[in-house]
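Just so you know, all these numbers are worked out from the coordinates, no wet-lab data involved. All of these numbers come straight from a predicted model, not from anything done at the bench. Cβ atoms come from the backbone with ideal geometry, glycine included; neighbour counts cover every protein chain shown.
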Amino acid sequence: LFSPVEMAPRDPILGLNEAFNADPRAEKVNLGVGVYYDENGKVPLLRAVQAAEEARVAEHAPRTYLPMEGLAPYDQAVQKLLLGADSPLLSSGRLVTAQSIGGTGALKLGADFLYRLAGKRLVAISDPSWENHRSLFETAGYEVVTYPYYDPATHGLNLQGMLQGIEALPEGSVVVLHACCHNPTGVDLSIEQWKQVIEVVRKRNHVPFLDIAYQGFGDNLEDDAAAVRLFAEADLSFVISSSFSKSFSLYGERVGALTLVTGTAEEGERVLSQLKRVIRTNYSNPPTHGAKVVAAVLNNPELYAMWEQELAEMRIRIKQMRKALANRLRAAGVEQDVSFIEKQRGMFSYSGLSREQVDRLAQEFAIYAVGSGRICVAALNNRNIDTVADAIARVMLE
Ligand code: PMP
């Protein structure tokens with residue numbers, strides 16, 4: 001039965017972790033990760049999460065099934081966080097939200113829904129994008145193409161290319177957009193630029209699929225949701241996949257959500273009924289713990305304030321590390337403009353390092369980064385920043 005099964009291609013990031021783990025050098029640093037580490041190099045357990053968990057354990061509640069679309073107070077809190085507490089959509093009946101198995105699960109549910117129930121077959125993702133976007137949509141049956149996004153010359157956005165690329169797609173294509181803190185480049189759109197994208201999407205009747213996995217890591221919770229809110233104000237129907245993996249540091253609990261912004265309350269009802277079927281035939285219903293914890297925090301003003309503060313601490317620390325890295329590179333004699341490191345947003349920086357430079361960093365300095373040059377700024381801290389900056393400067397200069 002299994003003899004014809006061939007070995008799957010190695011996941012580039014997992015392969016990197018294996019090489020890192022096998023490296024005996026004590027000073028080694030892994031910049032390939034996709035998680036937030038605190039100043040001590042540890043994945044934090046947020047105080048707000050801990051408080052909510054303690055209350056939950058003390059309840060000793062029975063473990064029944066959740067509804068297919070998940071925990072209602074969680075789904076409602078997600079809608080509020082994404083669209084804003086004063087959004088008229090909240091009480092319109094037009095929003096359909098299902099708790100999902102992380103942001104990845106939300107993407108897959110959304111992909112399956114649009115494929116099966118809206119007949120979508122073509123999806124465009126940014127060039128570059130989070131590696132899993134392509135494989136996930138391909139596995140769901142789609143043809144996956146890219147639209148221009150990153151401009152290596154400026155380390156910024158190729159806006160004209162992006163607009164033209166999206167315009168040139170066949171009418172009614174699904175367009176995946178990173179709502180904030182683009183992974184892997186850290187390059188985001190301004191409000192004005194989003195408005196231009198919205199106009200092209202509207203003109204071409206495309207289906208916007210907003211992926212928001214880092215809300216709160218750019219400027220703050222409200223401003224980071226600006227793109228979502230602009231699409232809502234534009235009165236378009238669209239799809240949002242969201243994740244609390246990073247913002248709650250709850251990676252393994254798999255807390256995400258799929259939100260569909262439909263045209264009318266009656267349409268919303270039909271869409272929810274079909275979405276439930278997609279869920280039922282995939283995994284029946286989602287797990288309880290993460291959603292209970294997140295809902296407890298989001299729906300309690302004190303815990304919410306505590307969480308917002310902790311999220312700000314993570315965001316500020318990353319910004320400090322961006323600044324420290326850029327300054328140390330300059331001090332080490334790097335003359336090319338490195339201010340883009342400070343401008344990019346979220347956990348990652350597209351450093352501009354070539355494959356060869358990344359290889360040298362690993363071989364000579366035990367510093368591991370993704371082959372594309374993506375580095376996780378959240379893996380830097382005051383103890384490793386000098387070593388890392390010196391090594392990067394060396395491979396840039398020599
Ligand atoms: N979208 C993007 C852009 C991401 O970077 C990630 C996580 N790396 C996800 C979705 C998936 O999030 P989760 O870990 O919650 O599945």
- request: Convert each backbone phi in segment 45-54 into a coupling constant with the Karplus relation 6.51 cos²θ - 1.76 cosθ + 1.60 (shift: θ = phi - 60°), then list the ³J(HN,Hα) values in order as whole Hz, x for Gly and Pro.
  value: 9, 5, 4, 5, 5, 4, 4, 5, 5, 4
message: Using the crude model of +1 on Lys and Arg Cβ and -1 on Asp and Glu Cβ, and no other charge, please compute the dipole size for the chain relative to its Cα centre, in debye to 20.
response: 520
message: What does DSSP give for segment 64-287 in terms of the percent of beta bridges that are antiparallel, rounded to the nearest 5?
response: 45
query: What angle, in degrees between 0 and 90 and rounded to the nearest 10, separates the Cα long axis of helix 301-331 from the longest principal axis of the Cα atoms of the chain?
result: 30
Antiparallel DSSP beta bridges within the chain, percent to nearest 5: 50
message: I need two numbers for segment 64-287: Rg to one decimal and Dmax as a whole number, Cα atoms only, in Å.
response: 16.2, 55
- prompt: Sorted by packing (mean other beta-carbon atoms within 10 Å per residue), highest first, where do 105-115, 234-244 land?
  reply: 105-115, 234-244
- prompt: Which cross-chain or sequence-distant (5 or more) residues have an amide H under 5 Å from the amide H of Leu210, H modelled 1.01 Å from N in plane?
  reply: Leu177, Val239, Ile240, Ser241
statement: Among Thr104, Val176, Ala140, the residue whose Cα sits farthest towards the positive end of the charge dipole of segment 64-287, when +1 is placed on the Cβ of each Lys and Arg and -1 on the Cβ of each Asp and Glu, is Ala140
field: Per-peptide average of other Cβ atoms within 10 Å, ordering 177-189, 301-313 highest first
entry: 177-189, 301-313
statement: Quick calc, segment 16-83, dipole around Cα centre from Cβ unit charges on Lys, Arg (+) and Asp, Glu (-), nearest 20 debye, gives 60
query: On average over all directions, what projected area in square nanometres does segment 66-146 have, based on the convex hull of its Cα atoms?
result: 6.4
- line: For Val43, the residues 5 or more places away or on another chain with a placed amide H closer than 5 Å to its own amide H are Asp38
message: I'd like the distance between the alpha-carbon centres of segment 356-398 and segment 8-35, rounded to an integer number of Å.
response: 13
statement: Sparse-neighbourhood loop hits (GluC sites (Glu not before Pro), segment 1-57; DSSP loop; Cβ within 10 Å at most 16 others) -> Glu6, Glu27, Glu39
5 angstrom amide H check on Leu71, placed H, neighbours 5+ away: Gln99
- prompt: Scaled to the compact-protein estimate 2.2 N^0.38 Å, what is the alpha-carbon radius of gyration of the chain, rounded to two decimal places?
  reply: 1.00
